Each structure stands twice: as structure tokens, then as C-alpha cells.
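Student: Encoded as C-alpha cells, here's the structure I'll be asking about.
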Amino acid sequence: MAPPQKPAPPPGTITTTPPLALATAALTGAGCGWLIVVIANSFGFVPPRVPWTAPIALLLSAALVGALAFTTHQRIQVRHERVDPQRAVTFLVLGKASALAGALVAGGYLTYGLMFVTRMSADAPRERVIRSAVAVLAGIALCVAGLLLERACKVPRGDDEDESDPES
């Protein structure tokens, strides 16, 4: 017997980013991280170093998206204020993009860093592993912040009925 399936959402609704999409993004990033090292080694190049600006930029992005998620949650879920529909959709898309980008980047840096774990005794590989680990954490933070922003944009149940009431 097949498990019961969820009913399809009504037309015009956007669902939250499914875990399969996040896993696919992370695996795609992992493949890219692996390819960078393999291609660089096959052509005799030194794989690129990870600059500190990469994880710092990711952390700043995660903080900004997280702050936007918090303020949006306060506005929609707590105070039940109306938000301009175009702005809400923009925030939702930003949340989805941040979640997918965070998963992609985390997967890429994770694989990239793991490619150098066996050579940790040398300075350059150790630096790559440490900076990649920080970038992985920052990518996960961006992913979580994006998912929180998506969740904050969810309209509370009672608001759909209020819109059809001409007196509200």
C-alpha cells in the first residue's frame, strides 16, 4: 500500500523549499568543490586558496537575511500587520535563494576542505581546511536564515479569509 500523498497546494501558492532541493544544491556544490581540486591537480596547478573574505561575506549575508527574517516574523506573525504583496514575494524569493545558495556553498566548501585533510601538516592545506570549515558554517547559517525568512513570510491561517471580507 502506497503512503498517502499530500494534497497539491491551491494555485497561486508557493511552498517552502523542500529538503530534496537543499540536498540537491549541497550535492551540486560538493561536485563543484571536488572538480576544482581535481582539475587544478590534473593540469599541474595549485588549487586556489580560500580567502577570508569568502566566509566573512557569507556570514554578513546570513546576518542580514536573519535580521530580515526576524523583522518580517515580528511584522507578519506577531503583530499581524499587512505587508505589501510585492514586498512579501520579494522576501520569499530572497529566502529561497539564500537557502539554496547557502546549501550550495556549504557543500562546495565542505568537499573542497575535505580534499586537503590528509595533508594538514603543511601550512597551505591546513589554511584551506580551516577557512573552508568556517565557510561551511557560514553557508549553513545562510541556508538556515533563508529558511527562516521563508517561514516568516507565511501568511497566518486567518488572513486569507479577512482579505475576502470587504469590511476589513
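Student: Which condition number does Ile39 fail, the rest of (1) buried (at least 17 other Cβ atoms within 10 Å of the Cβ); (2) in contact with a Phe, Trp or Tyr (Cβ under 9 Å, 6 or more places away or on another chain) being met?
Tutor: (1)
Student: Do the conditions hold for Phe116, that is, is it among the aromatic types (Phe, Trp, Tyr) and closer than 19 Å to Thr16 by Cα?
Tutor: On the way: among the aromatic types (Phe, Trp, Tyr): yes; closer than 19 Å to Thr16 by Cα: no.
In short, no.
Residue-wise test of (1) in contact with a Pro (Cβ under 7 Å, 6 or more places away or on another chain); (2) farther than 13 Å from Leu22 by Cα; (3) among the β-branched types (Val, Ile, Thr).
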{"residue": "Lys96", "(1), (2), (3)": "no, no, no"}
{"residue": "Leu104", "(1), (2), (3)": "no, no, no"}
{"residue": "Arg126", "(1), (2), (3)": "no, yes, no"}
{"residue": "Ser132", "(1), (2), (3)": "no, yes, no"}
{"residue": "Ala135", "(1), (2), (3)": "yes, yes, no"}
{"residue": "Gly146", "(1), (2), (3)": "no, no, no"}
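Student: Now a separate question. Does Ala40 meet the test of being over 21 Å from Thr24 (Cβ atoms), assigned to a helix (DSSP H, G or I) and either touching a Ser or Thr at 6+ places or on another chain (Cβ under 6 Å) or free of Cβ contacts under 8 Å to residues at least 12 places away in the same chain (or both)?
Tutor: Details: over 21 Å from Thr24 (Cβ atoms): yes; assigned to a helix (DSSP H, G or I): yes; either touching a Ser or Thr at 6+ places or on another chain (Cβ under 6 Å) or free of Cβ contacts under 8 Å to residues at least 12 places away in the same chain (or both): yes.
Yes: the conditions hold for Ala40.
Student: Continuing with the same structure: Just give me the residues in the stretch 139-168 being in a loop (DSSP other than H, G, I, E, B) and modelled with pLDDT of 60 or more, in sequence order. Show your work before the answer.
Tutor: From the stretch 139-168, those in a loop (DSSP other than H, G, I, E, B) are 153-158, 165-168; that's our starting set.
Across the stretch 139-168, the qualifying residues are Cys153, Lys154, Val155, Pro156, Arg157, Gly158.
Student: Please tell me if Pro51 is of a type outside the set (A, V, I, L, M, F, W, C) and either surrounded by 10 or more Cβ atoms within 10 Å (Cβ to Cβ) or assigned to a helix (DSSP H, G or I) (or both). If you could, list the steps in order and put the result at the bottom.
Tutor: Values: of a type outside the set (A, V, I, L, M, F, W, C): yes; either surrounded by 10 or more Cβ atoms within 10 Å (Cβ to Cβ) or assigned to a helix (DSSP H, G or I) (or both): yes.
In short, yes.
Student: Within the stretch 91-129, can you find the residues that are among the hydroxyl-bearing types (Ser, Thr, Tyr) and either surrounded by 13 or more Cβ atoms within 10 Å (Cβ to Cβ) or under 15 Å from the mean Cα position of the chain (by Cα) (or both)?
Tutor: Step one: list which residues in the stretch 91-129 are among the hydroxyl-bearing types (Ser, Thr, Tyr), which gives 98, 109, 111-112, 118, 121.
Residues satisfying the conditions are Ser98, Tyr109, Thr111, Tyr112.
Student: Could you look through the stretch 25-37, keep only residues that are touching a residue at least 12 places away in the same chain (Cβ under 8 Å) and of a type in the set (A, V, I, L, M), and pick out the one that is nearest to Glu127 (Cα to Cα)? Working first, answer last.
Tutor: Restricting attention to the stretch 25-37, the residues satisfying the condition of being touching a residue at least 12 places away in the same chain (Cβ under 8 Å) are 25-34, 36-37.
Applying the additional criterion that residues be of a type in the set (A, V, I, L, M) yields 25-27, 30, 36-37.
Values: Ala25: 25, Ala26: 22, Leu27: 23, Ala30: 19, Ile36: 17, Val37: 15 Å.
The residue in question is Val37.
Student: Only one residue in Thr17, Thr13 is in a loop (DSSP other than H, G, I, E, B), touching a Lys or Arg at 6+ places or on another chain (Cβ under 7 Å) and of a type in the set (S, T, N, Q). Which one? First the steps, then the outcome.
Tutor: On the way: Thr13 fails: touching a Lys or Arg at 6+ places or on another chain (Cβ under 7 Å).
Step by step, each of Thr17, Thr13 is checked, and only Thr17 is in a loop (DSSP other than H, G, I, E, B), touching a Lys or Arg at 6+ places or on another chain (Cβ under 7 Å) and of a type in the set (S, T, N, Q).
Student: When Gln77 is evaluated against the numbered criteria (1) farther than 24 Å from Gly102 by Cα; (2) of a type outside the set (Lys, Arg); (3) surrounded by fewer than 14 Cβ atoms within 10 Å (Cβ to Cβ), which criterion, by number, is the only one it fails?
Tutor: Single failed check for Gln77: (3).
Student: When you go through Ala23, Ala63, Ala57 one by one, which is the residue that is outside any loop (DSSP other than H, G, I, E, B), more than 13 Å from the chain's Cα centre (by Cα) and either surrounded by 10 or more Cβ atoms within 10 Å (Cβ to Cβ) or polar (S, T, N, Q) (or both)? Spell out how you get there, then give the answer.
Tutor: Details: Ala23 fails: more than 13 Å from the chain's Cα centre (by Cα); Ala63 fails: more than 13 Å from the chain's Cα centre (by Cα).
When all the criteria are applied, what remains is Ala57.
Student: Determine whether Arg87 is part of a helix (DSSP H, G or I) and among the basic types (Lys, Arg). Quick ask: steps written out before the conclusion?
Tutor: On the way: part of a helix (DSSP H, G or I): yes; among the basic types (Lys, Arg): yes.
Judged against the criteria, Arg87 is a match.
The values are calculated or read from the model by the stated rules, or taken from the named source; none is laboratory data. Keep in mind it's a predicted model, so treat the numbers as computed, not measured. Here Cβ is always computed from backbone atoms with ideal geometry, including for glycine, and neighbour counts include all displayed protein chains.
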